[in-house]
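Undergrad: Can you keep this structure in mind? I'll have questions shortly.
No lab work stands behind these numbers, since they all come straight from the coordinates. Only a predicted model underlies this, so the values are computations on that prediction, with no experimental measurement involved. When we count neighbours, we look across all protein chains shown, and the Cβ atoms used for this are built from the backbone with ideal geometry, even at glycine.
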Amino acid sequence: MLIIKKSTISGATNSREIDISPEDLRRWEAGGVLIQDAFPHLSDDDREFLMTGITPEEWDEHFSEEEYSDQDHYDQLDEAIWRDEDRISQRFQ
């Protein structure tokens, strides 16, 4: 099915062929089910496009790791946060 959406980050109108039926799309748009449950067979890129109209190319352009010149620093912070969360959860077990 050809899906046409307006990108939430660029405002561009994008289209993408996605393997879903109009009935399944209407059911998901009506609410009450998570997109990954409604369409487990779709790729992350297809589900993102359905939700936001963002193409993989736009995603890479706006959220690439090149923006973060000190990625190692961010990775170290992530590891420290996980260690802290593990310690906290062990206290409450």
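Undergrad: Starting from the 7 Å offset along Cα-to-Cβ, what nm value, one decimal, do you get for the label separation of D24 and I81?
TA: So the label points at D24 and I81 sit 3.3 nm apart.
Undergrad: Please give the contour-minus-distance gain from T52 to S10: 0.36 nm per residue of separation, less the Cα-Cα distance, rounded to one decimal in nm. Before the final figure, lay out each step's value.
TA: Numbers: separation 42, 0.36 × 42 = 15.12 nm, distance 1.05 nm.
Answer, rounded to one decimal: 14.1 nm.
Undergrad: Same structure, new question: Need one number: nm distance between label points at D60 and M1, each 7 Å from Cα along Cα→Cβ, rounded to one decimal.
TA: Placing both labels 7 Å along Cα→Cβ, they lie 2.8 nm apart.
Undergrad: Next question. Once you list every other residue whose beta carbon is under 11 Å from the beta carbon of D45, what net charge do they have if Lys and Arg are +1 and Asp and Glu are -1?
TA: Values: positive: R16, R47; negative: D44, D46, E48, E57, E58, D60.
Taking every other residue near D45 into account, the sum is -4.
Undergrad: Let me check I've understood the local charge: for L2, count other residues with C-beta under 9 angstrom from its C-beta, Lys and Arg +1, Asp and Glu -1. What total comes out?
TA: Working: positive: R16; negative: E17.
Cβ neighbours under 9 Å give a net charge of 0.
Undergrad: Two decimals is fine: what is log10 I(q)/I(0) at q = 0.12 Å⁻¹ for the stretch 2-68, from a Debye sum with one equal scatterer on every Cα and no solvent?
TA: Calculated log10 I(q)/I(0) at the listed q: -0.33.
Undergrad: Could you please report the charge total around I54, scoring K, R as +1 and D, E as -1 over all other residues with beta-carbon less than 12 angstrom from its beta-carbon? Each step should come with its number before you reach the end.
TA: Values: positive: K5, K6, R16, R47; negative: D44, D45, D46, E48, E57, E58, D60, E61.
Net charge in that neighbourhood comes out at -4.
Undergrad: Let me ask another. Any idea how far the Cα center of the stretch 38-67 sits from the one of the stretch 1-35, in Å?
TA: Taking the Cα centre of the stretch 1-35 as reference, the centre of the stretch 38-67 is 12 Å away.
Undergrad: Order 43-51, 2-10 from most to least packed using the mean count of other Cβ atoms within 10 Å.
TA: Top of the packing list down: 43-51, 2-10.
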